[in-house]
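Every number here is computed from the coordinates shown, using simple stated rules; none is lab data. Just so we're clear, the structure is a prediction, and the values are computed from it rather than from any experiment. Positions of Cβ are backbone-derived with ideal geometry, glycine not excepted, and every protein chain shown enters the neighbour counts.
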Amino acid sequence: MNIEMYATLAVLGIGVAVWAIKKYQAVMADGKITLDELIDTVDDVADKAKETKKEAEMILADVE
C-alpha cells in the first residue's frame, strides 16, 4: 500500500466524520430527538456506511 492510498482513505474518513457531525447538529438543533428523527438518522447512517464501504473498496481495488 502506498501513501496516496492512505491519504485518500483518511480524507474519506474525515468526510464521513464531518457528515456525522453535521447530521448530529441538524437532529439536535432543537435540543431533543424524536423517534422519527432517530429512525431517519439510523437509515441515513446505514446508507452512508454502504456508500463509504463501496468507495473504500474502489480505492483499494485501484491500488491492486
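Remarks
- For the chain, the longest principal axis of the alpha carbon atoms and the long axis of helix 35-63 meet at an angle near 0°.
- The chain: Cα Rg divided by the 2.2 N^0.38 Å rule of thumb: 1.40
- Net charge dipole, the chain: roughly 200 debye, given to the nearest 20, about the Cα centre with Cβ charges of +1 for Lys and Arg and -1 for Asp and Glu.
- Trypsin sites (Lys or Arg not before Pro) restricted to the chain and DSSP loop, no more than 10 other C-beta within 10 Å: Lys32
- Helix 3-27 axis, angle to the chain major axis (alpha carbon atoms, nearest 10°): 10 degrees
- If you count Lys pairs in the chain whose Cα atoms are under 17 Å apart, skipping same-chain pairs closer than 8 places in sequence, the total is 5.
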